[in-house]
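All remarks here apply to the structure that follows.
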Amino acid sequence: MHISEQPTHTLELRVRELQQLFNSLDPAPFLNKDLDHACEAYIENWALSLPTASLLHLNIHVEQLPPVGQAGDMVADAIHNYYGYKVELVRGELKQLLRQGRISLAIGVAFVVSCLLLAAAIETFSSGHFARIARESLTIIGWVAMWRPAQIFLYDWWPLTGRIKVFENLRFARVSVVQD
């Protein structure tokens with residue numbers, strides 16, 4: 001798909017002043033400020049509902065534009081910086097999840113092998129109902145230990161990669177600030 005073929009989606013935000021977009025408790029300089037939680041949730045819910053191949057445009061309508069002539073560029077840079085930061089956070093979360101998956105897999109494989117060896121030993125040295133129950137129980141418990149690694153590698157990683165794609169889209173979204 002060529003860039004020109006990608007659909008563009010526009011979110012219209014209306015605020016009285018630009019400071020409403022940002023967390024008022026964040027002491028960081030303007031370009032490194034966190035977005036206001038409600039604003040962040042609104043933008044992200046909108047972006048998460050769109051196809052990941054979309055081009056995004058945030059159109060911010062402001063009742064009272066500050067006297068600074070470059071307010072639009074400053075807001076765009078602040079939003080891009082914020083979502084760049086969010087991309088790195090989620091990448092770290094993904095890296096940590098995959099590390100946990102590898103460790104869980106190693107533990108799970110060792111445990112299932114131990115259970116299966118013990119089940120085989122019980123079958124070799126003992127017979128009867130108790131031996132059969134113990135063998136089946138060890139087999140089930142061993143395979144249940146593989147549940148978490150399977151969950152991580154089959155299901156848990158891909159929502160994080162989806163969030164990374166959405167935050168990357170927001171990181172490079174076109175941002176316009178206009179007088180309302």
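The values are calculated or read from the model by the stated rules, or taken from the named source; none is laboratory data. Every value quoted in this text rests on a predicted model; they were computed, and no experiment measured them. Cβ atoms come from the backbone with ideal geometry, glycine included; neighbour counts cover every protein chain shown. With ligands, DNA and RNA removed, areas are computed over all heavy atoms of the protein, side chains included. Shrake-Rupley method; radii C 1.70, N 1.55, O 1.52, S 1.80 Å.
Values for this structure:
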| quantity | calculated |
| --- | --- |
| Residue that is surrounded by fewer than 16 Cβ atoms within 10 Å (Cβ to Cβ) and within 29 Å of the chain's Cα centre (by Cα), where the choices are ALA173, ALA145, ALA131, ALA150 | ALA150 |
| Of all residues making up the range 127-180, the number that are in contact (Cβ under 8 Å) with a residue 60 or more places away in the chain and among the small types (Gly, Ala, Ser) | 3 |
| Tally, over the range 42-86, of residues that are assigned to a helix (DSSP H, G or I), open to solvent by 30 Å² or more (accessible area, probe 1.4 Å) and among the aliphatic types (A, V, I, L, M) | 2 |
| Restricting the range 1-25 to residues that are of a type in the set (A, V, I, L, M, F, W, C) and either part of a helix (DSSP H, G or I) or at pLDDT below 80 (or both), the residue that is surrounded by the most Cβ atoms within 10 Å (Cβ to Cβ) | LEU21 |
| Meets criteria (acidic (Asp, Glu) and without any contact (Cβ under 8 Å) to a residue 12 or more places away in the chain) for GLU93 | no |
| Leading residue by the ranking (modelled with the lowest pLDDT) among those in the range 26-41 that are aliphatic (A, V, I, L, M) and open to solvent by 40 Å² or more (accessible area, probe 1.4 Å) | LEU31 |
| Residue among VAL90, VAL109 that alone is at negative phi and either of a type in the set (Asp, Glu) or surrounded by fewer than 18 Cβ atoms within 10 Å (Cβ to Cβ) (or both) | VAL109 |
